[in-house]
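Colleague: Below are the structure tokens for one structure; questions will follow.
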Amino acid sequence: MRTRAMFNALGVLVFVLAVFPVFWMVSTAFKPNDEIFSSTPKPLPADPTVRHFDFVLNGRIAETSFWSYFGNSLLLALGTVVVSGLLAVLAATAVARFRFTFRTTFLVMLLVVQMVPLEALVIPLFLDLKRLTLLDSLVGLSIVYIGFALPFSIWMLRGFVAAVPRELEEAAAIDGAGPVRTFFTVLLPLVAPGLVATSIFSFITAWNEFIFAFTFLDDQSKYTLPIMMQYFFGRGGNEWGPIMAASTLLSLPVIVFFLLVQRRMVSGLTSGAIKG
Amino acid sequence: MLDTASPSRSAPGRKTSGPARRRRPRLGPYLLILPTLVVIALLMFWPMIQIGVMSFQKVGNRQLRGEPAEAVGTENFRTIFDDPLFWQSLKHTLLFGVVAVTLTLVLGTLVGLLLNRLGRRMSSFVAGGVMVAWATPPITAAIIFYWLFGNTGGAVNWFLDLLPDALVGDGWADYNWFASPLPTYTVLTICVVWQSFPFIAVSVLAGLRSVPGELYEAARVDGAGAWRTFWQITFPLLRPIFLVLTVLSIIWDFKVFTQLFIMAGLANRDAFNLSLYAYSEAFGGINPKLGMGSAIALVLTLLLLVVTAAYVRIMVRQGETK
């Protein structure tokens, strides 16, 4: 019994340490300035205020409203989700349902490209998009994000496709449905939960991305939320109240989404190893 | 467990006949993967080739205006290998990588083992909290840690100042963590380990749940302690997981960019790692040197390629690409 209590205490300690930075972010966001810069910081705001949130949401940040940054981020993320989701379903079906020459090569390729240091690709992609006049454009940026999200999405989705019993498709085929119709009426609805999980993953990839957006975008009206954060922070880094309020607004959707799909992400990354 | 395609694939008689199989056109799978191939070729392979080509070229303002690139042979490499900043950045990359990967793996494994020992509800409660650290976007994580370690109102300095001086020394109240590379990297390490240990913990937990309980039962009967049980039973059984986790951690930590960009910035050249050095050469000044940047990026990529090769070998051997 004593060891059990000790483990529980350790568990609580791990929980507190893991959550503390995020807790501190939210708590700072609600503190008035004199509490933020106090030399004896308190965990919770004594006199909570929504001033910083008001400043971020309704003020102008670099002559642009928060909602412009938010809209750009949302648009980019949704574009990435839709296109990479569509391409991933197609490729995952091919990999999970057919044996074909180069299938293994294709799978190995998916593994390899996930390991490519994206930071290194900034330079050539900058030049490529410049040539295509897609540099200072959300379309250009979302094309890049699709490339980043796609390999992992396929890797994750193929497990879901493989889990759908082949007999269902065969039954549809016997009933006279062609491959396209079988795909839409049988396979797609059954793979939907997996598609939701991969979509959230792609969403987070695009929503969090910083370097490419920072390097490619020039026009302030196209800036995304992470660039807004950097701008705020780079201005001398003293407005901790608004910075933490903005951080909270940027992080919360991601944290919620993430908690929804984390199980799938882990098994997608280490799947083979867990088979035991 | 995830490779659910295999049971139906190996079912007897499936290969020879089966109406669905015969109806499918041979071109089908290739058409399905074609869009993916195009995307990956254009966004991954072609740029990688360009990096290789550009590292032997001079690509600057004139080339950005549309003039053709100038071939300079191995000049870019000779320049960077002569630059002490390159060696310092390489040192930072390697040292940070080794320390961060080791800490992440040790801490992650310990938390994974702990999660396995806790009761069900306690375990999912702690795992939920740990996930929050993982889910935080890198840019916010970096900014939060910068704020926690700041010297006006920072929680860490306040806490260290509170502790007895005999234990941690004094003068913490005004300590600036971001004035020199070593303390900056200390904060960076804490930040990165905080974000990456949850993945290790959850993966190790998933692995532990697949180990049959009888083995531990037997070990206990034989009187084996926790330390011996780990090295004699847990570690050998989870070896494949640990291999994959180590390789993934190395790849993620060696190229850390966003967090260091926030904590040190492009102005603080003393604290550069290879990613930041490459970026700074390519985009940092009014005279962009994209060729030089490519050469540095190529060195980083080759470093990671060795690790990637190991990763792919492990995955293929474990039958993941079946």
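The values are calculated or read from the model by the stated rules, or taken from the named source; none is laboratory data. Predicted, not measured: the structure shown is a model, and the values here were computed from it. Please note: Cβ atoms are built from the backbone with ideal geometry, for glycine as well, and neighbour counts cover all protein chains shown.
Colleague: Only one residue in B:T36, B:T4, B:T93 is polar (S, T, N, Q), at pLDDT 90 or above and under 30 Å from A:S84 (Cα atoms). Which one? Spell out how you get there, then give the answer.
Modeller: Values: B:T4 fails: at pLDDT 90 or above; B:T93 fails: under 30 Å from A:S84 (Cα atoms).
It is B:T36.
Colleague: Still on this structure, please answer the following. Only one of A:D34, A:D47 is surrounded by fewer than 18 Cβ atoms within 10 Å (Cβ to Cβ), within 12 Å of chain B (Cβ to nearest Cβ) and out of contact with any strand residue (DSSP E or B) (no Cβ under 9 Å at 6 or more places or on another chain); which?
Modeller: Just a single option satisfies the conditions, and that option is A:D34.
Colleague: Of all residues in region B:106-123, which are part of a helix (DSSP H, G or I), more than 7 Å from chain A (Cβ to nearest Cβ) and surrounded by fewer than 20 Cβ atoms within 10 Å (Cβ to Cβ)?
Modeller: Within region B:106-123, B:V106, B:L107, B:L110, B:L113, B:N116, B:R120, B:R121, B:S123 meet the criteria.
Colleague: Here's something else I'd like to know. In region B:124-166, which residue that is of a type in the set (G, A, S) and closer than 18 Å to B:R209 by Cα is nearest to the other protein chains (Cβ to nearest Cβ)?
Modeller: Among them, the one singled out is B:G128.
Colleague: What helices (runs of 4 or more DSSP H), lying completely within region B:166-284, carry at least 1 residues that are touching a residue at least 24 places away in the same chain (Cβ under 8 Å), on the phi > 0 side of the Ramachandran plot and more than 16 Å from the chain's Cα centre (by Cα)?
Modeller: none
Colleague: Select from region B:70-91 the residues that are surrounded by 12 or more Cβ atoms within 10 Å (Cβ to Cβ) and in contact with a strand residue (DSSP E or B) (Cβ under 9 Å, 6 or more places away or on another chain) and write down the one among them that is nearest to B:L266 (Cα to Cα).
Modeller: Checked region B:70-91; the qualifying residue nearest to B:L266 (Cα to Cα) is B:N76.
Colleague: Please verify whether region B:78-86 includes one or more residues that are within 9 Å of chain A (Cβ to nearest Cβ), hydrophobic (A, V, I, L, M, F, W, C) and in contact (Cβ under 8 Å) with a residue 40 or more places away in the chain.
Modeller: Looking for residues that are within 9 Å of chain A (Cβ to nearest Cβ), hydrophobic (A, V, I, L, M, F, W, C) and in contact (Cβ under 8 Å) with a residue 40 or more places away in the chain, one finds none in region B:78-86, hence no.
Colleague: Does region B:248-267 hold any residues that are surrounded by fewer than 16 Cβ atoms within 10 Å (Cβ to Cβ) and away from chain A (no Cβ under 11 Å), and which are they?
Modeller: Passing the criteria: none in range.
Residues checked against (1) in a loop (DSSP other than H, G, I, E, B); (2) more than 18 Å from B:I40 (Cα to Cα):
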site: A:L74; (1), (2): no, yes
site: A:V89; (1), (2): no, no
site: A:A94; (1), (2): no, no
site: A:T101; (1), (2): yes, yes
site: A:T105; (1), (2): no, no
site: A:V112; (1), (2): no, no
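Colleague: Looking only at region A:229-248, filter to residues that are within 10 Å of chain B (Cβ to nearest Cβ) and among the hydrophobic types (A, V, I, L, M, F, W, C); which one of those is nearest to A:L217 (Cα to Cα)?
Modeller: A:M229
Colleague: Name the residues in region A:194-218 that are within 10 Å of chain B (Cβ to nearest Cβ) and among the acidic types (D, E), would you?
Modeller: Matches in region A:194-218: A:E209 only.
Colleague: Given (1) of a type outside the set (D, E); (2) surrounded by 20 or more Cβ atoms within 10 Å (Cβ to Cβ); (3) more than 25 Å from A:L127 (Cβ to Cβ); (4) more than 16 Å from the chain's Cα centre (by Cα), where does A:S247 come up short, assuming only one miss?
Modeller: (4)
Colleague: Continuing with this model, one more query. Please enumerate the residues belonging to region A:61-71 that are more than 15 Å from the chain's Cα centre (by Cα) and either among the β-branched types (V, I, T) or buried (at least 16 other Cβ atoms within 10 Å of the Cβ) (or both).
Modeller: Listed by number, the residues that qualify are A:I61, A:T64, A:F66, A:S68, A:Y69.
Colleague: For B:P236, which of the numbered conditions (1) closer than 13 Å to B:S203 by Cα; (2) at pLDDT below 85 fails to hold?
Modeller: Looking at each condition in turn, B:P236 falls short on (1).
Colleague: Just to verify a result, which residue in region A:82-108, among those that are within 7 Å of chain B (Cβ to nearest Cβ) and under 25 Å from B:M48 (Cα atoms), is surrounded by the most Cβ atoms within 10 Å (Cβ to Cβ)?
Modeller: The qualifying residue surrounded by the most Cβ atoms within 10 Å (Cβ to Cβ) is A:A91.
Colleague: Let me ask you something else. Assess whether A:F7 counts as being within 9 Å of chain B (Cβ to nearest Cβ), out of contact with any Ser or Thr (no Cβ under 9 Å at 6 or more places or on another chain) and closer than 21 Å to B:W134 by Cα.
Modeller: Judged against the criteria, A:F7 is not a match.
Colleague: Of the residues B:L245, B:L238, which is surrounded by 14 or more Cβ atoms within 10 Å (Cβ to Cβ), touching a helix residue (DSSP H, G or I) at 6+ places or on another chain (Cβ under 9 Å) and farther than 30 Å from B:G293 by Cα? Quick ask: steps written out before the conclusion?
Modeller: On the way: B:L245 fails: farther than 30 Å from B:G293 by Cα.
Going through B:L245, B:L238 in turn, just one is surrounded by 14 or more Cβ atoms within 10 Å (Cβ to Cβ), touching a helix residue (DSSP H, G or I) at 6+ places or on another chain (Cβ under 9 Å) and farther than 30 Å from B:G293 by Cα: B:L238.
Colleague: Right, here's the next one. Does A:S153 meet the test of being surrounded by 20 or more Cβ atoms within 10 Å (Cβ to Cβ), of a type in the set (S, T, Y) and modelled with pLDDT of 85 or more?
Modeller: Spelling it out, A:S153 is indeed surrounded by 20 or more Cβ atoms within 10 Å (Cβ to Cβ), of a type in the set (S, T, Y) and modelled with pLDDT of 85 or more.
Colleague: I would also like to ask the following. Would you check if there is a residue in region B:61-69 being loosely packed, with under 14 Cβ neighbours inside 10 Å and in contact (Cβ under 8 Å) with a residue 24 or more places away in the chain? Lay out the reasoning, then the answer.
Modeller: First, pick out the residues of region B:61-69 that are loosely packed, with under 14 Cβ neighbours inside 10 Å: B:61-62, B:64-68.
Pick out the ones that are also in contact (Cβ under 8 Å) with a residue 24 or more places away in the chain and you get B:61, B:64.
Yes, there is a match, as at least one residue in region B:61-69 is loosely packed, with under 14 Cβ neighbours inside 10 Å and in contact (Cβ under 8 Å) with a residue 24 or more places away in the chain.
Colleague: If you check B:V130, B:V126, which single one turns out to be in contact with a Pro (Cβ under 9 Å, 6 or more places away or on another chain), in a helix (DSSP H, G or I) and either free of Cβ contacts under 8 Å to residues at least 12 places away in the same chain or surrounded by 16 or more Cβ atoms within 10 Å (Cβ to Cβ) (or both)?
Modeller: Checking each option against the conditions leaves just B:V130.
Colleague: Considering only residues that are surrounded by 14 or more Cβ atoms within 10 Å (Cβ to Cβ) and part of a loop (DSSP other than H, G, I, E, B), which ones fall in region B:153-165?
Modeller: Of everything in region B:153-165, those that are surrounded by 14 or more Cβ atoms within 10 Å (Cβ to Cβ) and part of a loop (DSSP other than H, G, I, E, B) turn out to be B:G153, B:G154.
Colleague: Mind telling me which of the residues A:V139, A:V122, A:V180, A:V144 ends up being more than 10 Å from chain B (Cβ to nearest Cβ), in a helix (DSSP H, G or I) and either of a type in the set (K, R) or closer than 26 Å to A:D218 by Cβ (or both)?
Modeller: None of the others qualify; the one that does is A:V139.
Colleague: For region B:255-265, give me the residue count where each residue is touching a Ser or Thr at 6+ places or on another chain (Cβ under 8 Å) and at pLDDT 85 or above.
Modeller: Result for region B:255-265: 5.
Colleague: Which numbered condition in (1) closer than 19 Å to B:S89 by Cβ; (2) hydrophobic (A, V, I, L, M, F, W, C); (3) surrounded by fewer than 18 Cβ atoms within 10 Å (Cβ to Cβ); (4) more than 9 Å from every other protein chain (Cβ to nearest Cβ) is the only one that B:F272 fails?
Modeller: (3)
Colleague: Hey, does region B:88-102 have a residue that's part of a helix (DSSP H, G or I), within 9 Å of chain A (Cβ to nearest Cβ), closer than 28 Å to A:N208 by Cα and within 19 Å of the chain's Cα centre (by Cα)?
Modeller: Checking region B:88-102: not a single residue is part of a helix (DSSP H, G or I), within 9 Å of chain A (Cβ to nearest Cβ), closer than 28 Å to A:N208 by Cα and within 19 Å of the chain's Cα centre (by Cα).
Colleague: Any chance region B:216-229 includes a residue that's within 8 Å of chain A (Cβ to nearest Cβ) and either in contact with a Gly (Cβ under 9 Å, 6 or more places away or on another chain) or exposed (fewer than 14 other Cβ atoms within 10 Å of the Cβ) (or both)?
Modeller: Checked region B:216-229: no residue is within 8 Å of chain A (Cβ to nearest Cβ) and either in contact with a Gly (Cβ under 9 Å, 6 or more places away or on another chain) or exposed (fewer than 14 other Cβ atoms within 10 Å of the Cβ) (or both).
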